[in-house]
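Working notes, structure below.
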Amino acid sequence: FTVGGTLLNTGLANQLKQVARLIEARGVLGVKRQVFMVNIGGWDTHSNILTNQANLFGQMAPAMRAFYDYTVAAGISTNVTTFTMSDFNRTFIGNAGNGVDHAYGGHQLVLGGSVNGGNMYGTFPPLVRMGPDDAGSNGSWIPTTAVDQIGSTLGNWFGMPQADIDQVFPNLANFSTKNLGFMA
């Protein structure tokens, strides 16, 4: 994978290259729907958060861009959706090690030719310590959008029947909005 003529050789870029190879072999493999998981670790930033996150985003953004560019060039961008997923975030207020501690929620990225992009889904917290969305006093924001809602939206796009979505995401019943609308 390349971005702007620069060859990417990070762990994430190499994993996405392998996914591209498997997508290319879909006809030979005889599969119609595929799900792949790739991983980039190192987000547990209890120390040196600015340096660590700059490095991680410096790997993630170009790799995801190169993979999306591949899907466009292959004519499959509307059939491939790439997304990030995590069940936790970091606190707003730092700790003594120039890092942050575990918190709730977090921003997730979704990209692909079928994504209704350019929007934020959910409600952004007011970022007020000890405010209405802070679970404590250090900026541990309570999320307004559940992992279940994101999964339901992606499952619906993937063609899952609603009964299966409800079984896979049992907490979905607790939310009035089941499909967030970020997929076309």
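The values are calculated or read from the model by the stated rules, or taken from the named source; none is laboratory data. Since we're looking at a predicted model, the values are computed, not measured. FYI the Cβ positions are ideal-geometry reconstructions off the backbone, even for glycines, and counts take in every protein chain you see. Side chains are part of the model used for accessible areas, which takes the heavy atoms of the whole protein and leaves out ligands, DNA and RNA. Shrake-Rupley method; radii C 1.70, N 1.55, O 1.52, S 1.80 Å.
Structure above, values below:
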quantity	calculated
Of the criteria (1) part of a loop (DSSP other than H, G, I, E, B); (2) farther than 24 Å from residue 35 by Cα, which one residue 107 fails	(2)
Residue that is nearest to the chain's Cα centre (by Cα) [pool: residues in segment 39-52 that are open to solvent by less than 50 Å² (accessible area, probe 1.4 Å) and among the hydrophobic types (A, V, I, L, M, F, W, C)]	40
Selected residue (only one of 136, 117 is part of a loop (DSSP other than H, G, I, E, B) and farther than 23 Å from residue 43 by Cα)	117
Residue that is farthest from residue 9 (Cα to Cα), among those in segment 53-81 that are open to solvent by 50 Å² or more (accessible area, probe 1.4 Å) and free of Cβ contacts under 8 Å to residues at least 24 places away in the same chain	75
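Yes/no matrix, rows are residues, columns are (1) open to solvent by 50 Å² or more (accessible area, probe 1.4 Å); (2) farther than 15 Å from residue 89 by Cβ; (3) hydroxyl-bearing (Ser, Thr, Tyr):
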position: 113; (1), (2), (3): no, yes, no
position: 127; (1), (2), (3): yes, no, no
position: 140; (1), (2), (3): no, no, yes
position: 151; (1), (2), (3): no, yes, no
position: 156; (1), (2), (3): yes, yes, no
position: 175; (1), (2), (3): yes, yes, no
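Table: residues versus (1) at pLDDT below 85; (2) assigned to a loop (DSSP other than H, G, I, E, B).
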| site | (1), (2) |
| --- | --- |
| 15 | no, no |
| 33 | yes, yes |
| 41 | no, yes |
| 53 | no, no |
| 56 | no, no |
